[in-house]
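Working notes, structure below.
The values are calculated or read from the model by the stated rules, or taken from the named source; none is laboratory data. Fair warning: this is a prediction, and the values are worked out from it, not measured in the lab. Glycine also receives a Cβ, built like all others from the backbone with ideal geometry; neighbour counts cover every protein chain displayed.
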Amino acid sequence: MTLGDLLFVTGGVRSGKTSYSEYLAYEFHQGCNGNLIYLATSSITDSEMFERISRHQKDRNNSALSWVTIEKERDLDEIFHLLNPQDVIVIDCLTTWLSNEMFSVSTVLNPKNKMIQTIKSILKKSEILIIVSNEISFEWIEPNSLTYSYCETLGELHTWIVLTCSKAIEMDMGIPIIHKEINFFTTRGG
């Protein structure tokens, strides 16, 4: 079985990552027969997250697109049965997913490996996977081992994703900056 195409969209907080990822998903979905899936990993932890999640849900509900929204904070491998090989999937977002895997009551010993295996499995079951993440490496990091461990793991995930993906995009003030692009449509005869 061949892998689907992986795209990576990162950037600072409120830089336009989600909107641009949804736009990309829509563009790629035009040539696919599968579902347009939004895999949300966030949970409502405070009023700000409630407002952000509500805004994202409202944006998807008000769009002309038929999004299938799956809300799953962790253990994304449990949704494989819902996926089809022609699906275009947006995972929003990697930073929250990692946090959920690392800091839940039933913490995984090696969340990075688990997440990489999950991404590989989703790629086998989808046409295109777009992963959204926050770029936190430019921020000051609290000097304690737990924070460093989180940031180090996130950096390792980012590195693996960029090495694996067809396209890596950084959003800066709503402007997409392409850092890597492989024309994956040439492999499909397009």
Item checked: Hits in the range 135-170 - residues which are in contact (Cβ under 8 Å) with a residue 12 or more places away in the chain and either exposed (fewer than 11 other Cβ atoms within 10 Å of the Cβ) or closer than 19 Å to I89 by Cβ (or both) -> F138, L157, H158, W160, I161, V162, T164, C165, S166, K167, A168, I169
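Restricting to the range 1-13, name every residue that is touching a helix residue (DSSP H, G or I) at 6+ places or on another chain (Cβ under 9 Å) and in a loop (DSSP other than H, G, I, E, B).
M1, T2, L3, G4
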Note to self: Condition first: surrounded by fewer than 19 Cβ atoms within 10 Å (Cβ to Cβ) and touching a residue at least 40 places away in the same chain (Cβ under 8 Å). Now tell me which residues in the range 3-23 satisfy that.
What the structure shows: L3, G12, V13, G16, S19
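State which residue is surrounded by the fewest Cβ atoms within 10 Å (Cβ to Cβ) when the search covers only the range 39-49 and only residues that are closer than 25 Å to S66 by Cβ and not β-branched (V, I, T). If you could, list the steps in order and put the result at the bottom.
Within the range 39-49, the first condition is being closer than 25 Å to S66 by Cβ, and the residues that meet it are 39-44.
Applying the additional criterion that residues be not β-branched (V, I, T) yields 39-40, 42-43.
Working: L39: 24, A40: 21, S42: 18, S43: 13.
The selected residue is S43.
Restricting the search to the range 124-173, which residues are of a type in the set (G, A, S) and under 20 Å from Q30 (Cα atoms)? Full working, then the answer.
Pass one, the range 124-173, residues of a type in the set (G, A, S): 126, 133, 137, 145, 149, 155, 166, 168.
Selection gives S126, S166.
For Y20, indicate whether it is touching a Leu at 6+ places or on another chain (Cβ under 7 Å), modelled with pLDDT of 75 or more and part of a helix (DSSP H, G or I).
no
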Notebook entry, point to check: G34 passes all but one of (1) under 15 Å from V132 (Cβ atoms); (2) in contact (Cβ under 8 Å) with a residue 60 or more places away in the chain; which number fails?
Noted result: (1)
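Strands (runs of 3 or more DSSP E) wholly in the range 115-183 with at least 2 residues that are of a type in the set (D, E, K, R) - which ones?
167-172, 175-181
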Next item on the list: Select from the range 52-84 the residues that are in contact with a Lys or Arg (Cβ under 8 Å, 6 or more places away or on another chain) and among the hydrophobic types (A, V, I, L, M, F, W, C) and write down the one among them that is surrounded by the most Cβ atoms within 10 Å (Cβ to Cβ).
Entry: L83
Notebook entry, point to check: Is it fair to say K58 is under 12 Å from the mean Cα position of the chain (by Cα) and over 21 Å from K124 (Cα atoms)?
Noted result: no
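Tally time: how many residues in the range 69-104 are β-branched (V, I, T), more than 13 Å from S126 (Cα to Cα) and assigned to a helix (DSSP H, G or I)?
Within the range 69-104, residues that are β-branched (V, I, T), more than 13 Å from S126 (Cα to Cα) and assigned to a helix (DSSP H, G or I) number 2.
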